[in-house]
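Readers should treat all values here as calculations from the given coordinates under stated rules, not as data from a laboratory. Fair warning: this is a prediction, and the values are worked out from it, not measured in the lab. Note that we place each Cβ from the backbone using ideal geometry, even for glycine, and neighbour counts take in every protein chain shown.
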Amino acid sequence: IWIYLKDKFKEDLSKVSFDTWIDSAQVLTVSNQMIMIQVPTTLHKEYWENHLATRIVEYIYEYAGQEITPRFITKDEQEQQDQEEEIIEIPNNIQTISRSSELNSKYTFDTFVIGKGNQMAHAAALVVSEEPGTIYNPLFFYGGVGLGKTHLMHAIGHQYLSINPDKNVKYVSSETFANDFIMSIQNRTQEEFRKKYRTVDLLLVDDIQFFADKEGTQEEFFHTFNALYDDRKQIVLTSDRLPNEIPKLQERLVSRFAWGLSVDITPPDLETRIAILRKKADAERLEIPNDTLSYIAGQIDSNIRELEGALVRVQAFATMQNREISTSLAADALKSMIKGSDKEVTIEKIQKDVARYYNITIEDLKGRRRVKAIVTPRQIAMYLARELTDASFPKIGSEFGGKDHTTVLHAHEKITNAIKEDTKMKREIEEIKDRL
Ligand code: ADP
Ligand code: MG
């Protein structure tokens, strides 16, 4: 039955809608009265209930001559542990024509990879581009840098224009809005400014956290917002945090931003990062083995911009060295990047890692027992503390159970000399360093 339903939906819906709503759904159970469908998020559920449920009833009636009640349940609600991550990729077959040069042609729905952290945001973006000004107004995306907020915003613009080629879309950063506004005061062109912003059909304002502290701009934006909202024009906003966490954002703006829907975007998990890399690699026609992509995705987990940067770096490295892309090449290429993004090495961390490495306790390291199995690791830990942090000898002494600075000095000297000859110790220290 699901195959039949999918075929019907495929006929009736656009490709991107099909991929978003139908392909992400699963039939759990069917009886002659009820069909239970599992969907990824509450937003999907709402959309199914309001837009697609009646179609299911029709389709099934057509097929079986029977009335059936569709029910929807989200993955979370279902509370099952077998949550296999689903990554849906939208094939590259939708051409979008951009009339507005303000939209980046690379940032479309079909270049956007969907994963757990952005699934809800993506679904909301699609609803808004197909039914602007109705349910989610304003639509507000928030989340850390490089997680795809700007990309989704542009995708909304492209998709909306592809459906409504004659409409007016405006994308601005909050800074551009502020500058435009200030210029209009200086040049006495406020009338034009208002016309420009209040006659659009879809307004996209990026990074509104930069409205903080800009009283006049906030005042003006308030009026822009009201004019568009009253006209049922869609507004989409992004920020790195929730409106009520933006310092000095006027209360009336905060409350208006909450009228619609706020969705956060969280960092991508490993599978999503791999899928993003695969997509970028294919788009660039890069020959790159899967395990190398997995390696890169495993190393860079902060944000997608850095992930893209890593891929570019690996590519450049391969070209420069005239080598094929492989995992070991990627490791070489990313060495500095990974080190650079590493957390700071602290004395505490050194103690922890050294203790674990030699299978002794941190108390042993900080204590005064003089058996060799403890003394040597203790000295190595002190040595590393001196080499890898900028702590002074007295400071290191105090971190090791209040020892005198001369003890640390002695340990440092001893290890420095020892590793000139003792290759085993040298190797061990290198290994600990790598783990740090
Ligand atoms: P933000 O605005 O949240 O700081 P961006 O939208 O600028 O982040 O995204 C940073 C980069 O990562 C862009 O090049 C964008 O195309 C890419 N990117 C982000 N999310 C995705 C995704 N889900 N799929 C593919 N590329 C993505
Ligand atoms: Mg951005």
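A few remarks follow.
- For the pair Asn32 and Ala373 in one chain, pulling the backbone fully straight at 0.36 nm per residue adds 115.5 nm over the alpha carbon distance.
- Over 27 Å between alpha carbons, listed pairs Lys395/Lys426; Lys372/Lys395; Lys75/Lys167; Lys170/Lys248: Lys75/Lys167
- Part-to-part distance (alpha-carbon centres) for the range 203-242 and the range 365-433, which is given in Å: 57 Å
- The mean sequence distance of close C-alpha pairs (under 8 Å, at least 6 residues apart), as a share of the length of the range 325-436, puts its relative contact order at 24 percent.
- Helix-derived mean residue ellipticity, 222 nm - over the chain, DSSP H n ≥ 4, -39500 (n - 2.57), to 500: -16500 deg cm²/dmol
- For the chain: relative contact order, % (alpha-carbon pairs under 8 angstrom, 6 or more apart): 11 percent
- Packing rank of 269-279, 360-370, 254-264, 109-119, where each peptide gets the mean count of other beta carbons within 10 Å, highest leading: 109-119, 269-279, 254-264, 360-370
- Between Thr416 and Ser328, full extension at 0.36 nm per residue minus the direct alpha carbon distance yields a gain of 28.6 nm.
- Overall Cα dimensions of the chain, principal axis frame, Å, largest first: 83, 67, 46
- Stretchable slack from Leu270 to Ser302, in nm (0.36 nm times residue separation minus alpha-carbon distance): 10.4 nm
- Charging the Cβ of each Asp and Glu at -1 and of each Lys and Arg at +1, and nothing else, the dipole of the chain about its Cα centre rounds to 1660 debye.
- Förster-model FRET efficiency, 25 Å R0, Arg232 and Thr176, C-beta, rounded to 0.05: 0.55
- 19 Å cut-off, amide nitrogen to a point 7 angstrom out along Asp240 Cα→Cβ, residues in the range 260-285: 263-268
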